[in-house]
1. What are the ³J(HN,Hα) couplings of segment 96-101, residue after residue, when phi is run through the Karplus curve with 6.51, -1.76, 1.60 and θ = phi - 60°? Round to Hz, x for glycine and proline.
2. If you bin the C-alpha pair distances of the chain every 5 Å from 0, what whole percents do you get?
3. Quick one: which residues, 5+ away or cross-chain, put their amide H under 5 Å from the amide H of Gly185? H built at 1.01 Å from N.
4. Sort 50-58, 69-77 for me by packing, meaning the mean count of neighbouring Cβ atoms within 10 Å per residue, highest on top.
5. Order these peptides, 15-21, 102-108, by their mean beta-carbon neighbour count within 10 angstrom, highest first.
6. Have a look at Pro205, Val4, Gly129 and report the one farthest towards the positive end of the charge dipole of the chain, computed about the Cα centre with Cβ charges (Lys/Arg +1, Asp/Glu -1).
7. Arrange the peptides 4-12, 136-144 so that the one whose residues have, on average, the most other Cβ atoms within 10 Å appears first.
Amino acid sequence: MNDVERFCAARGLPADARSLERLEQYVGLLLQFNEAMNLIGPMDRQEVIDELILDSLVAAEARQPAGPILDVGTGAGLPGMVLKIVYSDLPITLVEPRRKRATFLKIVTHRLGLSEVSIRNERIEEVEGDAFDYVISKAFQAPVQWLETARPYVAPGGAVVCMARERDRPELSELAARLDLHLAGTAAGAGEGEELRVSFAFEAPRQA
């Protein structure tokens, strides 16, 4: 986990020894269950770290979570499980309609000794009534569609995080303005030019 520790130090993200140990366990479980459950496709350990773990942490650089987290279509727990490990004191709701992947999330939660993890084996349309500080999805929908879907779940002062590409910025910014959201932060990942991977954090206004 040296790569993760250096990444977090460079970007001002928390990464204590316990978090790094849990991330190591999580990577091990991803690799262990991948073939049977088809979680992430054919990847080796370093690819999982570079393409999945670090990519999840880029979102936290755009805007660090400060309250309850919602990850929609989380799959094997990306990016939500990574965020939960690093921000272990924050409650998280992981929405994943596929039964095998929801089962995997329960295994991870148990093996890593995580608390305040709600695994919802259902569709986002069935999640009602809750508002979250941090609403995120890696690939549930196209970025612009995701921004609109996520907006009703954001608490006052909370944020929607879009894991997108630089080319999506104009359309996201235009829609955000219509949804009464403002750009609170961005963080760059891999790629270059219009294909640069960027996490955009759009915040809702606080209540007066």
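None of the figures in this text is laboratory data; all of them are computed from the coordinates on show. This structure is a prediction, so every number in the text was calculated from the model and none was measured. Positions of Cβ are backbone-derived with ideal geometry, glycine not excepted, and every protein chain shown enters the neighbour counts.
1. In residue order, the calculated couplings are 8, x, 7, 4, 4, 6 Hz.
2. The distribution over the chain is 1, 8, 16, 21, 21, 17, 11, 4, 1, 0, 0, given as percents.
3. Ala201
4. Numbers: 50-58: 20.3, 69-77: 25.3.
Ranking, from highest mean packing down: 69-77, 50-58.
5. Descending mean neighbour count gives 102-108, 15-21.
6. Working it through, the farthest residue towards the positive pole turns out to be Gly129.
7. Details: 4-12: 14.6, 136-144: 18.6.
Final packing ranking: 136-144, 4-12.
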